[in-house]
Amino acid sequence: MELETSVKAGSSTTAKRKIRILVAKPGLDGHDRGILVLARAFRDAGMEVIYTGLLPTPEQVAQAAVDEDVDVVALSLLNGAHMTAFPRVKRLLERRGGKDIIVVGGGIIPDDDKPKLLKMGITGLYGPGTSFEEIINHIKQRVKKERWKGSN
Amino acid sequence: MLRSGRDSYWRSKARDYAAKRKNRGSLYSPRAIRDIQKGLEQWRREVYKPWVERAPEQKADPQTASGIQLKPVFFPTDVKEQDYSDSGFPGVFPYLRGVYPNMYRGRLWTMRMFSGFGTPEDTNRRLKLLLDQGETGLSVAFDMPTLYGYDCDHPKAHGEVGRCGVNVSSLKDMQVIFNGIPLDKVSTSMTINAPAAVLTCMYAAVAEKQKIPLPSLKGTVQTDMLKEFIAQKEWVYPPEAHLRIVRDLMVYCTRNMPQWNYVSISGYHIREAGSSAVQELAFTLADGFGYVELGMEAGLKVDEFAPRLSFFFNSTMDFFEEIAKFRAARRIWAKVLRERYKARSPRSLLMRFHTQTSGASLTWQQPLNNIVRTALESFAAVLGGTQSLHTNSYDEAWALPTEKAVEIALRTQQIIAEETGVTNVVDPLGGSYYLEWLTESLEEEAYKYFDRIDSAGGILKAIKSGYLQREIAENSYRLSQRVEDGLENVVGVNKYAVQEERPIETLKIDSKAQKRQIERLRKIRRERDEVKVRALLEKLRRTYERDDRNSIYPMMEAVKAYATLGEIVDVGTKVFGQWKEPVLI
């Protein structure tokens, strides 16, 4: 697995730029095993990881993302509330000046729910058992394409 | 063998072997051990090593799921120093071999299936169906707002009402859930922690309306707040405040509800959060000792309340390590309760436990394989001597289970009980060199952890510093990395994976629950005696402020006046504040 997230070629200022990622569980859901593991995997993959801690509201998540000027918000829910909480974070980001922040999600998300989330631009939607590599690659690709365009 | 009868070879063989089994010398005599040692060295040199040199073994470092390194095979020499008094006999100290003299020959474990969803009406129908099918042990699951102590109309409850279990916002909901169910005839397990005292009051209030006296109420509330802070993380207040309410409940129930198990000390969630078997064992028992100390500090005598403490463990895929864990848990509990806490009653010393198969071991991929996983896990629980068992359904990595999936899960237990013959003999794997060695290894590792937790300032400090949470997170990362690196395999996930389209049908929860619950709650608020409710909540607040008062009495009054769950929990928030977990990453 490629562990460095540096952007090759292009300007020297972005050469060592790291992906800033906020990880959060925006709901009444204490099942933090997955998100803690992913946070460490993101960090080992060279990202700067900010974790909100448990039980933030969607408002708090969106505000933290804007305040911390992150590239990506990674959401995880295992309690079945993803169809209310994920879109809410996305809409709040748009309202609070974080329109360009990439939103990815994961957890237990039935296939039927995916098209609506994808249409809103919430991608990934990984289920249990997905490899770190697949998730990290997805994030890197979106960041390169959407956040760092023009820098290489 | 193919044709002849009356072969004298077989006749004398059978006779001689039977005689030999009766008259042999001890397997563990110094001479026998010496002979085995000698033979073992020779075997290793002349047989094992050349064999492995020709064909290397599949794993570079075979180990248990906890990371205990494993030899290829075990011999009497591995357990030669074992003192058999440390094993003992079933039904007597130290209960290694089982808590009852004849175990499942007398009575099978209780097959207790956890259920609850949607509105109280939905759950009432499901419970009545289970009762009609012969169940007497009910087990109720609550939704996230209830678990966190929010009313169904709280903004944080939005989208979550009735989703992971049934919603309870006031006494009225509990009346509906248990409508037509005689509470003196059933035992009810309620998986509830932070607001466990409130739910206990509601249950007692329902009983009062059914004219059933409190001492005849049988059941369990989980109430294990220590493991909430360590693993499941469904809390409201800081740890000390929750423990104070747990203490009040212990004292109240010891006096008024003698058949109510007010704490179910749970390793299940600790394991699901990513810990190892060793950590599950050590942290759970450490929590258990914590509750013993809490009760004693409150002035109760250990033998007065220890018999009410029960345990709840996980059973997951490392078959032998799980069995060893259950056995070691019983032995440690008995020894420590006797040695350190001076418990004398056998009922204090014997550890009764419920087991649930591991949800985290179930895969989203190829979900039907989960039937096999659950079968193996429940088999380990039975071989480990569990008192009750919940088997997960194959579709639970996807959603709450369908009725069909629940039926297969229950049948899995019934097949083990009725068809395999394992119930005929108590602790049938006892004496296995490997299992006894592993049981001792886990016990030893647990003692080391107790010492580390003690050095970290005890359970409460170790929670507040995040030590225990980080220990689990580290192990869970180690496990994930071993799978990622292919050192451990999960069938259908990182090995033998296939592409599949919608392999199963799953349960859909309709979203009407939220609307219905909110309507009922508003009606309650309109119709109750508001002045009385306010006064009783104020009384509860004053009690919370005095640490030497028991808060269950005013809480019970508030519940009966239809103060809502959220209102009661909020009183505590105002006095104790909210908990913010230490930074873990």
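The values are calculated or read from the model by the stated rules, or taken from the named source; none is laboratory data. If you're wondering where the values come from, they're calculated on a predicted model, not measured in any experiment. As a convention, Cβ positions derive from the backbone with ideal geometry for all residues, glycine included, and neighbour counts pool all protein chains shown. Surface accessibility is based on the protein's heavy atoms, side chains included, excluding ligands, DNA and RNA. Shrake-Rupley method; radii C 1.70, N 1.55, O 1.52, S 1.80 Å.
Annotations
- Residue in segment B:454-463 that is within 13 Å of another protein chain (Cβ to nearest Cβ), under 20 Å from residue B:280 (Cβ atoms) and at pLDDT 95 or above present: no
- Unique match (being closer than 16 Å to residue A:24 by Cβ, modelled with pLDDT of 95 or more and not hydroxyl-bearing (Ser, Thr, Tyr)) among A:115, A:87, A:56: A:87
- Residue in segment B:401-410 that is in a loop (DSSP other than H, G, I, E, B) and closer than 24 Å to residue A:107 by Cα present: yes
- Of all residues in segment A:34-63 being touching a Leu at 6+ places or on another chain (Cβ under 9 Å), open to solvent by 30 Å² or more (accessible area, probe 1.4 Å) and not in a loop (DSSP other than H, G, I, E, B), the one that is nearest to the other protein chains (Cβ to nearest Cβ): A:51
- Qualifying residue in segment B:369-392 (condition: within 14 Å of another protein chain (Cβ to nearest Cβ), part of a loop (DSSP other than H, G, I, E, B) and either at negative phi or open to solvent by 40 Å² or more (accessible area, probe 1.4 Å) (or both)): yes
- Each residue in segment B:426-459 was checked for being within 28 Å of residue B:265 (Cα to Cα) and assigned to a loop (DSSP other than H, G, I, E, B), and 8 of them qualify.
- Matching residues in segment B:65-90 - criterion: being free of Cβ contacts under 8 Å to residues at least 60 places away in the same chain, open to solvent by less than 40 Å² (accessible area, probe 1.4 Å) and in a loop (DSSP other than H, G, I, E, B): B:88
- Qualifying residue in segment B:451-474 (condition: free of Cβ contacts under 8 Å to residues at least 40 places away in the same chain, out of contact with any helix residue (DSSP H, G or I) (no Cβ under 8 Å at 6 or more places or on another chain) and more than 20 Å from residue B:229 (Cβ to Cβ)): yes
- Residues that are small (Gly, Ala, Ser) and exposed (fewer than 12 other Cβ atoms within 10 Å of the Cβ) within segment B:472-505 comprise just one, B:486.
- Residues being in contact with a Leu (Cβ under 8 Å, 6 or more places away or on another chain) and in a helix (DSSP H, G or I) - total across segment B:517-552: 1
- Listed conditions (1) at pLDDT 95 or above; (2) under 30 Å from residue B:298 (Cβ atoms) are all met by residue B:580, apart from (1).
- Exclusive hit being within 11 Å of chain A (Cβ to nearest Cβ), in a helix (DSSP H, G or I), over 26 Å from the mean Cα position of the chain (by Cα) and surrounded by 14 or more Cβ atoms within 10 Å (Cβ to Cβ), set B:469, B:514: B:514
- Matching residues in segment B:155-187 - criterion: being farther than 12 Å from residue B:120 by Cβ and within 12 Å of another protein chain (Cβ to nearest Cβ): B:155, B:156, B:157, B:158, B:159, B:160, B:163, B:164
- Of the residues contained in segment B:547-555, one or more are found to be open to solvent by 30 Å² or more (accessible area, probe 1.4 Å) and either within 30 Å of residue A:51 (Cα to Cα) or among the acidic types (Asp, Glu) (or both).
- Some residue of segment A:72-82 being open to solvent by less than 10 Å² (accessible area, probe 1.4 Å) and assigned to a helix (DSSP H, G or I): yes
- Restricting segment A:117-152 to residues that are aliphatic (A, V, I, L, M) and more than 12 Å from the chain's Cα centre (by Cα) leaves a set whose member that is least open to solvent (accessible area, probe 1.4 Å) is A:117.
- Within segment A:1-33, restricting attention to residues that are open to solvent by less than 10 Å² (accessible area, probe 1.4 Å), within 13 Å of chain B (Cβ to nearest Cβ) and modelled with pLDDT of 90 or more, the residue that is nearest to residue B:227 (Cα to Cα) is A:32.
- Pick from segment B:517-531, criterion over 26 Å from residue A:80 (Cα atoms) and surrounded by 15 or more Cβ atoms within 10 Å (Cβ to Cβ), ranking: farthest from the other protein chains (Cβ to nearest Cβ): B:528
- Options B:137, B:219, B:149, B:165: the member that is open to solvent by less than 10 Å² (accessible area, probe 1.4 Å), more than 19 Å from residue B:260 (Cβ to Cβ) and in contact with a strand residue (DSSP E or B) (Cβ under 6 Å, 6 or more places away or on another chain): B:165
- Residues in segment B:216-253 that are farther than 22 Å from residue B:546 by Cα, in a helix (DSSP H, G or I) and within 22 Å of the chain's Cα centre (by Cα): B:226, B:227, B:228, B:229, B:230, B:231, B:232.
- Any chance residue B:252 is of a type in the set (Phe, Trp, Tyr), in contact (Cβ under 8 Å) with a residue 60 or more places away in the chain and out of contact with any Phe, Trp or Tyr (no Cβ under 7 Å at 6 or more places or on another chain): yes
- Criterion violated by residue B:278 - all others in (1) within 14 Å of chain A (Cβ to nearest Cβ); (2) touching a Ser or Thr at 6+ places or on another chain (Cβ under 8 Å) satisfied: (1)
- Residue B:39 vs. criteria among the small types (Gly, Ala, Ser), assigned to a helix (DSSP H, G or I) and either buried (at least 17 other Cβ atoms within 10 Å of the Cβ) or at pLDDT 95 or above (or both): yes
- For residue B:481, the conditions (1) within 14 Å of another protein chain (Cβ to nearest Cβ); (2) in contact with a Leu (Cβ under 6 Å, 6 or more places away or on another chain); (3) within 25 Å of residue B:316 (Cα to Cα) all hold with the exception of (2).
- Out of A:114, A:90, A:99, sole residue that is charged (D, E, K, R), buried (at least 22 other Cβ atoms within 10 Å of the Cβ) and not in a strand (DSSP E or B): A:90
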